[in-house]
Structures are given as C-alpha cells and as structure tokens.
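Read-outs throughout are calculated quantities, based only on the coordinates presented, and are distinct from any laboratory measurement. None of these values were measured; they are calculated from a predicted model. Cβ placement follows ideal geometry from the backbone for every residue including glycine, while neighbour counts extend to all protein chains displayed.
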C-alpha cells in the first residue's frame, strides 16, 4: 500500500471514526465527570470554569466507603448487604430458571405455551404495581426488613425474563446433541447436565449479568421493604448523602464509583463467555 | 452385533389432521449388513430410523434386535450408535471428550478409554487433533469425530441419518469411501438414511426405497437399478432420471407396440398386450438406452422426431434434452463426445430390450422379458 492509498483510506474512514468517537465521548464523559468529582474537594466543583481533570486531587471523599460516615451510616455494611442480596438472587434465579427454561424448550406437555405466556405476563406490568401487594405479602410471612424479602422480590421481577431468555438459548441448541448423548448411554439428566448445559453457558452468563444488575441497582422496592439502617443496600445507602438543603457530591460520586466496581469486575470476568457466544460453535445450523 | 427385524412397524401422528408417517413396514437386516433407507424428504425414512433407535415409539408393530423385542426399550439400553446430519458433537468437549463419552457412560475404566480413543483416532486420522474442540476442526474432521464417537463402543447397530449431507461434493465422495472402509473394518449392522441415490448405490448391501411412508422396493443396488419394482424407483434411482411417458399398449403386426399419445409407436417390448391392464401404461427407458441421430433417422426402428432443447456436458458423456414432436421430453445419453447444437432436429429410438413398463394406476412394474443389460450400464 502506498502512502497515498493509506491517506485516501484514512480520509474515507474519517467520518466513521468521528461518529464512533462522539458516541464514546457521549457515554464516557458523565463517568469521567463522576470520577473527577469524587477526586476533588466539594468546593472545587463549583468553580466558574468547568474542568474534566480533578484539581486539586484528594481521596478524602472515599473515606466514607470504609469508615462510618455518621451515626448509623456504614457503607462496608451496605456493600455486604448488596453483595449478599445480588449473588443470592442470581444463584436462585439460575437454579429455578435453567430447569424451567429447559423443560419449556425440550419437553412437550399440556399447557406449555399458555404457561409460558402466563409467566411472561408478570413482566408486562410496571414493577410499581407489585410494590404494595408484595409489601403486604412479605409482611404476612414476616420477611419485611430481611434479605429474604429483597431476594424473593427481585426473583419475581427477573424470573420471567430469565426463563424466556434461557429458553431461547436452549431452543438454539440442536436437540440432536442430547439425542446423541442419550444413545451414547446418558440419562435424560446426564444429557442435560453434560451436553446441553455447557452449550448454554453464554446464555447462563447473560442471564446472570442481567439479574445481578437488576438486584444491584434496585432502589424503590428496597426502600419499601427495608426499614432498619443495618439492612440497607447500596442504592438506599446513597441517600445518606442527600441532606436537607445540601448534597455531598464528593461522597456521593465516590460511593457511586465504588458501587460500579463489582459490576465492572463481573463484566471483566464473564466477558469471554459473551465472546464465545459470538464465535461459531461445533454445530451447523 | 445382531440382526435387526421390523414387523408391521407403522407410525401415525394423531391430531386434528392425522398424519400417517409410516405405513406398516416389514424389514429384516442381517448381522453386519449395510442397509440404506433411500427416499425424498418427508418419505418417512427418518421416522423409521427414530423408531429403530427408540427415540419415538411405533404406533403398531414390533422391533426385534438379536431375537429380543426392543420396541419400547429406552434408547440408551439399545446399544445403538447414531451419526447425525449436523454431527451433534458436544461443543464443550474436546475430540477425546467426545469420543470417550459413550465409554464413560458405560463405566469403561480410564486407561482403557484412553487406549481405545487413541486407537480410534488413529483409524480415523485424527491423532494430531485429539485435544482440539469441535469448532477448531473442519467439516470433514468433525464428521470423522462423529463416526469415531459412534464406532468406539462397538455398538450392535450403527445408525446414520444423512451423515454426509453437510459436506461439499468432493469431501462427500471421500467420506463415502471412508464409511465403506470403516464398515469393512468394523462390520456392524448399519442402517443408513439418505436422499442421495448415488450414496445409496455406492455404499449399500441392500437398499430400501421409500416414498410417502411406504416401502416401495427392497433390493440390492443392482436389483433396484435394473429391475425397479415401481415407477417411483425408476424415476428416483439413476444419475439421470429414467425417461417416463404414458403410452397405450396394443398388439400390432410386428409384436406388442407402445404408442405415444400422438399416435407414434415408441417401443416394442417383449410383453403380451393382454398383460397390460386397461391397455395403458407408463413407459420407462433410461437415457443410455436411447439412440439418437441427426435428421429423420435411419428407418430401422420406430424413430421419433424432435429438437435438441438443452445439453449437459458431464466430461466424456453428454446428456441431450430432446423435445419430441408429440410433446414428450426425452433425455438421451450421448457417449460419442460429439454433442449436438441446440435446436438441432434429431430422431431418437428406444432400445426395445431395455424398456420398462409400469401400471399407470398403481405404479407397479409390469414384467417384461428383457435381455441382460449390457455391461456399459
């Protein structure tokens, strides 16, 4: 390739690159701003010249993440609460959704489709509709203000979509694979566990991430269920930075950054499964 | 290893529109025999295979394997192995993991599994890729792994459902040879399902031709080709389909004559006209049993005039597609290598001794005296 050709190619690609750059900026700038705000004293936020780089730099905003911030506000505890609730929700969601989705995909039984639609019905209504009924229900079974109320509540929100999503993944796996396993001497259960399940891993990962973020970010439902300070999840905890008449932007952004870290880690750990979902499998469709 | 026997096996799928997938079938497959079920898609061949493998129960009938009634036996207890059109390899397992899976399911100890996988890999030329995942293999290699996984535990019966359909033409020929070689090496009773008549002819000890859920003929490749028992078999088997045309059959001075709808005599088969029910039949003649000449013909037989509409050049041979003046289309195999220009006026004549007659209603063959086929066929 001559220099001229290379230049011509770069020029032709320029509009493309520009659009991409704008999109990247659009999604990244708010995040950078949040990072900046978390790294400078609150007073620096209100200078007349907007700036993207923190000046002066301080880590004091992050102190609230490890030390008790004020009476009854302790973020390490909120972190723990959020982690327990989110991971439990993910584990239970997979435990229920995987067999359910597999059954919907592979077995034909009376009322299969009506049942699937009934399950999906739950996702049609806005979540707020379920707030009061679930509150009454949780009260009746004495689960208010416990992890259980949050986990069960999040499961009702996520399971319909989990099952539907996973069913799609199982539908995409040719049944011949399990038939082959059956003829090779495997039981129905073994064929599912050794053959169908590994092939559905990208689907499991997508489902897990969706459920994790749903539980990790949820605010309104947690606000209704949780009353004691010890049981707060992170989104509830963030509210401690909103005081009458003033907002602690430094603490708020620092905590928000801290709250993003587990999500980033989850993505980093699981992203290769996303990629493997995109690469060609062993089967011809 | 064992012989396989089907007794009045049929399948109906009930429902508002009941579907008869398979009319009652009787079939006996000897120990070590290679039998192909041949037919177009939707003819019931896969249904038959699934009944044999135990994936679906038959509506009626009994399946016997080695003298044992296995009609409702669970698939995994039948000791059958299957190769699928899409290979159905386990994508998360390596070549080794795939091939040892059936052994593992049967509790074969680790050392022996390793030994047998290595042996099988060698037989199939997969030695260097034993630790690769299926997606890292080519189509032909994936097919080999599928064969290896099926053969490794020496099943009593080996089932193959269109195993070569996903390969390109060249690889298909190669794998065809491979399957033949493997069957010679491991003479397991084999049921092979295909819609490709060339595959069936090349591989089988016997062929079961099916159409619309009915077995129309069972025979050796040679019988199927030379003595088609049904007009469907005549049209389905053969590189280029047999020419088929409706005729009326009558006695004439020179013997029995087959007359085309336009009144022209097309052939004089050695059959008494009285043997042809209703006096009408379907006349069949393979492209290699049609002579042709430019112009109006030499007057030695009932020559039919027509025009060359198209030609297919297949190397040495050329197929001429000729439209007769009476409207019928006739395919002619030209072995002179000369070919013919499109639009050429030609005359064709059928080999009297090589024509077939079929009942027009039932499609069944009408017995015709025929001299032995020349070796060139």
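Put the Cα centre of segment B:309-324 next to the Cα centre of segment A:202-246 and the gap is 76 Å.
Based on Cα contacts under 8 Å between residues 6+ apart, segment A:146-276 shows a relative contact order of 28 percent. Note the direction-averaged projected area, equal to a quarter of the hull surface, for the Cα convex hull of segment B:78-135, in nm². Hull-based average projected area comes out at 4.4 nm².
Going from the residue with the fewest nearby Cβ atoms within 10 Å to the one with the most, B:120, B:105 rank B:105, B:120. With N the number of residues in the protein assembly as shown, Rg(Cα) / (2.2 N^0.38 Å) evaluates to 1.41. Computed over the Cα atoms of segment B:58-206, pair by distinct pair, the Kirkwood hydrodynamic radius stands at 16.1 angstrom. With r defined as the distance between the Cβ atoms of residue B:174 and residue A:265 and R0 fixed at 41 Å, what FRET efficiency is calculated, to the nearest 0.05? According to the calculation, E is roughly 0.25. Once the Cα atoms are used to define both axes, helix B:169-185 deviates from the longest principal axis of chain B by about 60 degrees.
Descending by average beta-carbon neighbour count within 10 Å, the peptides A:4-17, B:343-356, B:312-325 line up as B:343-356, B:312-325, A:4-17, the highest first.
Treating the angle as unsigned and between 0 and 90°, give the value, to the nearest 10°, between the Cα long axis of helix B:95-105 and the longest Cα principal axis of chain B. It works out to around 70 degrees.
What translational diffusion coefficient, in µm²/s and rounded to a whole number, does the Stokes-Einstein relation yield for segment A:69-278 at 10 °C and a viscosity of 1.306 mPa s, taking the hydrodynamic radius as the Kirkwood radius over Cα pairs?
Working: Rh = 19.1 Å.
My calculation gives 83 µm²/s for D.
Averaged over the residues of B:131-137, the number of partner chain Cβ atoms lying within 10 Å of the residue Cβ comes to 2.
For segment A:113-174, the equivalent ellipsoid built from the Cα gyration tensor has semi-axes of 28, 13, 9 Å, listed from largest to smallest. For the pair segment B:248-287 / segment B:96-142, the C-alpha centres are spaced 59 Å from each other.
Across chain B, the convex hull enclosing all Cα atoms gives 174 Å³ per residue.
Taking every alpha-carbon pair under 8 Å whose residues sit at least 6 apart, segment B:4-233 reaches a relative contact order of 29 percent. Extent along the principal axes, Cα only, for segment B:240-366: 42, 28, 23 Å, with the longest axis given first. The distance between label points at residue A:5 and residue A:247 comes to 5.5 nm (points 7 Å beyond Cα on the Cα→Cβ vector).
Using the beta-carbon distance between residue A:121 and residue B:41 and R0 = 60 Å, what value does 1/(1 + (r/R0)^6) give for FRET efficiency, to the nearest 0.05? Write down the numbers at each step before the final one.
Values: r = 39 Å, r/R0 = 0.65.
My answer for the efficiency is 0.95.
Relative to the longest principal axis of chain B, what angle (0 to 90°, nearest 10) does the C-alpha long axis of helix B:110-124 take? That works out to roughly 30 degrees. GNM remark for chain A: springs join alpha carbons under 10 Å apart, and the peak mean-square fluctuation among A:169, A:75, A:31 falls on A:31.
With a cut-off of 20 Å on the backbone N, the residues of segment B:1-37 near the modelled label site 7 Å out from residue B:62 along Cα-Cβ are B:2-12, B:23-31. When only Cα pairs under 8 Å and 6 or more residues apart are kept, what is the percent relative contact order across chain A? Across chain A, relative contact order equals 28 percent.
With both labels modelled 7 Å from their Cα along Cα-to-Cβ, the residue A:128 to residue B:275 distance reads 8.9 nm.
Under the rule of -39500 (n - 2.57) per DSSP H run of 4 or more residues, summed and divided by the residues of the protein assembly as shown, what mean residue ellipticity at 222 nm is obtained, to the nearest 500 deg cm²/dmol?
On the way: 20 runs with 273 residues, N = 662.
After summing the helix terms and dividing by the residues of the protein assembly as shown, the value is -13000 deg cm²/dmol.
Roughly how many whole Å is it from the C-alpha centroid of segment B:228-247 to that of segment A:146-190? Each part's Cα centre sits 50 Å from the other's.
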